[in-house]
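A short write-up of the structure that comes next.
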Amino acid sequence: MMGARGRPWLALAALLLLGSSLGGCATMSTPQREDAERIANSARSTQVDCTAADACALASPLHDLADRALAESTSKSPRHYVVLLDKGPDALLARVHLIRSARRSIDLQTYIFDEDDSAQLVLDELQAAAFRGVKVRLLLDQLSALEKVSTLAALSGLHANFELRLYNPVLDRARLSTPMYVVASACCWRTLNRRMHSKLLLVDDAIGITGGRNYQDDYFDWDASYNFRDRDLLIVGPVAGDMAKNFAAFWNSPRSVQAERLGDVAHYLRTHGVPPPPHQPYTKPGRVRALLADVEDTAVIRDRFVTPALAVSGVQFIADLPAKHRDSATDEYQAPASNVLQQLIASAQDEVLLQTPYLVLSKPAQRVFRALHRQPDPPRVLISTNSLASTDAFIAYAISYKYKRRYLRDFGFEIHEFKPFPEDAPFELGPTGADLGEVDASAPAPERRPTRLERRLAERGLHSDPGGESSMLGSLLGSSGSLPVRLKRAGIRMGLHAKSMVVDGRVGVVGTHNFDPRSDNYNTESAVVIADPAFAQLLAASIRRDMEPGNAWVIGRRDPSPVLPGIEFTLARISERMPIFDLWPVKYATSYEFVPGPGCTPPPSPFAADFRHCHKPVGDFPEVDLGLKWLGVRVFTAFGSGLAPIL
């Protein structure tokens, strides 16, 4: 994509916006910056509330499991124990428990860290750990770091045991407003696109959690309107050492900058000093209390995370390094996450089971799948992904929609698109899950914080109106297209965010890689690859659950047109192959709903002769109240293919 140098008018606009939006922060001198750093350093507490050797850590059966894994390991035969974290509240419970059980160190690396209930809870626990003597390092990607500059300023001066860095900041800022984002897009597009999508929680260099979840309510079933179906992996064993090395590479990278050295945080510190430790009232304090009760219940922790732990072999942690964001395009760097996953897919003999929220394949991935399909006896390829009704990124879906013919005919994909209201998904209601009731009457009523959707709309000058057109317009006009579409019925909907794969029932992968161009070229990614049939089967069962007829629609070929079907097919194919325009309105494929009946158990493949006997077509976008959204999808289907590399 052309930079600002090729667009002088845009560069001029960027300079004008830069001058009006950055103010004094942009011209902060080195002495001023050092003064801000001195203010933060001098404010950091050195008080430690515990003098015990283990920093008064919570006794944890997970640490016992980690010790057991190391005791059973040899250099030639390492032993690991793993637990799939499919349920959102359990994923949060495991994190908080591990933070409380930390004896020496906590390293947390993530893409998104919000300031809602779940993120605030984790932040509270990290602060408490620092005060009891644990070394805490928090590494956040700049684009989706904590919402308020005051929070970043408070954390920068919190405690000598607490360190905060932001990865790859643009415009010398910790936070980018919408005008600044426009400026960054115009002047620094390449830098802006280089994001740290890697995610890791590592405690005492012994117990790790990695996977798709960020730190935001909708990753833990705590959002009131939209939650992600996601997956993490809790792992203990020698591979934790590889995780520690990878985190250290990011932490020590020149791209990881102390928060107090960035212009807006430094300006805040020099103007206001270090504010009190950040905390705002929970919107659902009863839910927080219920989860914290489980945190210290050894029986609960043992039942949910130790008893189901699976002993595995063949464990590998594949992770990109900051070198992926090299300054020169001529520098050689092979992204291990993408390369290993593509090699794994290419090795398939029988079946590839792939789950990704955004089915926008990179060109190398397309070449791998095309080559697989051309084999004399190609492996079966089953895809679990989002429907338009469930996705939080409708532009990505629109691009995927454009290439459905290619996915079915050229790659042989059997695509199952997740429903927004699945019949059977690991979604939790109750004391520690989604709560449909009011804020606790027993606690002081806090001011209601806006939902994730409302915040995103507000950033664009819109308001949330589930019954009107504003949410659709917000999706249509939003810069990232990251708003859910309006549906025909109300309720807490779900969308896929898990990134997992199983090859031939022998190798399982859980990580952050979306198998898309961004993951290949722009984002740093990580994953755990486990060549163990028992684990692969466990993971496959989890993915197949999301593909069950009650949880997903299946994509199949549309019935041929009764009038000149060959001409229609040819025109559609020519339209799809055009590099920018795709104006033919009738697509090759559409969505089908399973219809139980004789001979339909199990449901046949969309390529089977009896597929239509067991399925009925339900349209291209089932459950969606189209309205203007149809126009948005068609616009991005027709003209948005150029966006595919950055989606």
At what distance in nm do the modelled label points of GLN349 and GLU72 sit from each other, each positioned 7 Å from its Cα along Cα→Cβ?
2.8 nm
Subtract the Cα-Cα distance of THR191 and PHE607 from 0.36 nm times their separation in residues, and report this length gain in nm to one decimal.
145.4 nm
What is the gain in length, in nm to one decimal, between ASN252 and GLN334 on full extension, counting 0.36 nm per residue of separation less the C-alpha to C-alpha distance?
27.5 nm
Cα-centre dipole for the stretch 4-312 with unit charges at Cβ (Lys and Arg positive, Asp and Glu negative), debye to 20:
1020 debye
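Kirkwood hydrodynamic radius of the stretch 4-312 from all distinct Cα pairs, in Å?
20.6 Å
Taking the DSSP beta bridges in the stretch 4-312 as the whole, what percent of them are antiparallel, to the nearest 5?
In the stretch 4-312, approximately 60 percent of DSSP beta bridges are antiparallel ones.
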Could you list TRP189, TRP222 in order of exposure, starting from the residue whose Cβ has the fewest other Cβ atoms within 10 Å?
TRP189, TRP222
Between ASP64 and ARG374, what is the label-to-label distance in nm when each label sits 7 Å out along the Cα-to-Cβ direction?
5.7 nm
Quick one: order SER338, SER384, SER105, SER73 by neighbouring beta-carbon count within 10 Å, fewest to most.
SER73, SER105, SER338, SER384
Take the alpha-carbon centre of the stretch 119-154, take the same for the stretch 38-117, and report the distance between them in whole Å.
14 Å
For GLY505, what charge total do you get from the other residues with a beta carbon under 13 Å from its beta carbon, if Lys and Arg give +1 and Asp and Glu give -1?
-1
With a 10 Å Cβ neighbour count serving as the proxy for reagent exposure, in which order, fewest first, do ASP303, ASP230 appear?
ASP303, ASP230
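All of the numbers you see were taken from the coordinates with simple rules; none came from a lab. Note that the coordinates shown come from a computational prediction; the quantities given were computed from them, not determined experimentally. Heads up, the Cβs are rebuilt from the backbone with ideal geometry, glycines too, and the neighbour counts pull from every protein chain shown.
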